[in-house]
Amino acid sequence: MKYNTQLKKLSMPDYGRNIQNMVNHCLTIEDREERKKCANTVVDIMGNMFPHLRDVNDFKHILWDHLAIMSDFKLDIDYPYEVITEEDLYTRPGKMEYNKGKMRFKHYGKLLEKMIDIAADMEEGGKRDQLISQIAVQMKRSYTQWNKDIDDAKIIDDLRDFSKGKINLDPNTFTISSIKVSTNAPTSKRKNVRIVRSKRNNKR
């Protein structure tokens, strides 16, 4: 009696030794039609082992790929799909190219930079002012995750810098509320922070 550890290592252990033996039997069948019938039977059994995966896209195709792998790519039949090849299986995938876009201030995030670009190109009006207000609030929240002490002028300067001067808020007429945004405070207790337009005091 031979133990499994003494037998050839399974290429697809999930299916077990019995399925591998069935595949090996298919390889010994000389008649091409009978060999194809044997392969169909084996694939059906393989599918029955994992009924919860039947809704997965290309489930049948995956089973035929597994059959080709288990046969060491030696099963000579007319496959119903274009199955994986030995070269595809053992070839290392190409190197994935990562986004190389640089962020000047990582604490704000890439999405916020894109929002600033959108606001900068919008026409003057209430919608633009509202978007800039929301952006400023989010910038302040993001900044306070790294530094609790923040000057509103810093946000205004960063907005001007990001937008290449298209969003130029005057700190004398536009201020972000002095309410401190605490990242540790419960959400229910956080107060909305918004840009408010203040009136100049023309009295001397």
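The values are calculated or read from the model by the stated rules, or taken from the named source; none is laboratory data. Bear in mind the structure is a predicted one, so any value in this text is a computation, not a measurement. All Cβ positions, glycine included, derive from the backbone under ideal geometry; neighbour counts span all protein chains shown.
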- Could you run through the range 54-90 and say how many residues are polar (S, T, N, Q) and closer than 16 Å to residue 35 by Cα? 1
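Hey, does the range 146-154 have a residue that's modelled with pLDDT under 85, touching a helix residue (DSSP H, G or I) at 6+ places or on another chain (Cβ under 7 Å) and outside any helix (DSSP H, G or I)?
If we filter the range 146-154 for residues that are modelled with pLDDT under 85, which is where we start, we get 146-154.
Next cut, touching a helix residue (DSSP H, G or I) at 6+ places or on another chain (Cβ under 7 Å) only: 150.
If we keep only those that are outside any helix (DSSP H, G or I) as well, we get 150.
Scanning the range 146-154, I find at least one residue that is modelled with pLDDT under 85, touching a helix residue (DSSP H, G or I) at 6+ places or on another chain (Cβ under 7 Å) and outside any helix (DSSP H, G or I), so the answer is yes.
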- Message: Just to be sure I understand the filter: pairs with C-beta atoms under 6 Å, separated by 6 or more residues or on different chains, first member in the range 156-168 and over 9 Å from residue 116 (Cβ atoms), second member not in a helix (DSSP H, G or I). Which pairs pass?
- Response: 156/169; 156/171; 160/168
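Out of 178, 182, report the one residue that is surrounded by 10 or more Cβ atoms within 10 Å (Cβ to Cβ), over 27 Å from the mean Cα position of the chain (by Cα) and at pLDDT below 80.
Numbers: 178 fails: surrounded by 10 or more Cβ atoms within 10 Å (Cβ to Cβ).
Testing whether each residue is surrounded by 10 or more Cβ atoms within 10 Å (Cβ to Cβ), over 27 Å from the mean Cα position of the chain (by Cα) and at pLDDT below 80 leaves just 182.
Against the condition touching a Phe, Trp or Tyr at 6+ places or on another chain (Cβ under 8 Å), under 24 Å from residue 8 (Cβ atoms) and free of Cβ contacts under 8 Å to residues at least 60 places away in the same chain, how does residue 23 come out, does it pass?
Numbers: touching a Phe, Trp or Tyr at 6+ places or on another chain (Cβ under 8 Å): no; under 24 Å from residue 8 (Cβ atoms): yes; free of Cβ contacts under 8 Å to residues at least 60 places away in the same chain: yes.
The answer is no for residue 23.
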- Here the residues within the range 3-28 that are at pLDDT 90 or above and hydroxyl-bearing (Ser, Thr, Tyr) are 15, 28
- Message: For the structure I just gave you, tell me whether residue 116 is at pLDDT below 95, in the same structural domain as residue 141 (by TED's automatic domain parsing) and touching a helix residue (DSSP H, G or I) at 6+ places or on another chain (Cβ under 9 Å).
- Response: yes
- Message: Tell me yes or no: at least one residue of the range 159-167 is surrounded by 19 or more Cβ atoms within 10 Å (Cβ to Cβ), over 29 Å from the mean Cα position of the chain (by Cα) and either modelled with pLDDT of 80 or more or assigned to a helix (DSSP H, G or I) (or both).
- Response: yes
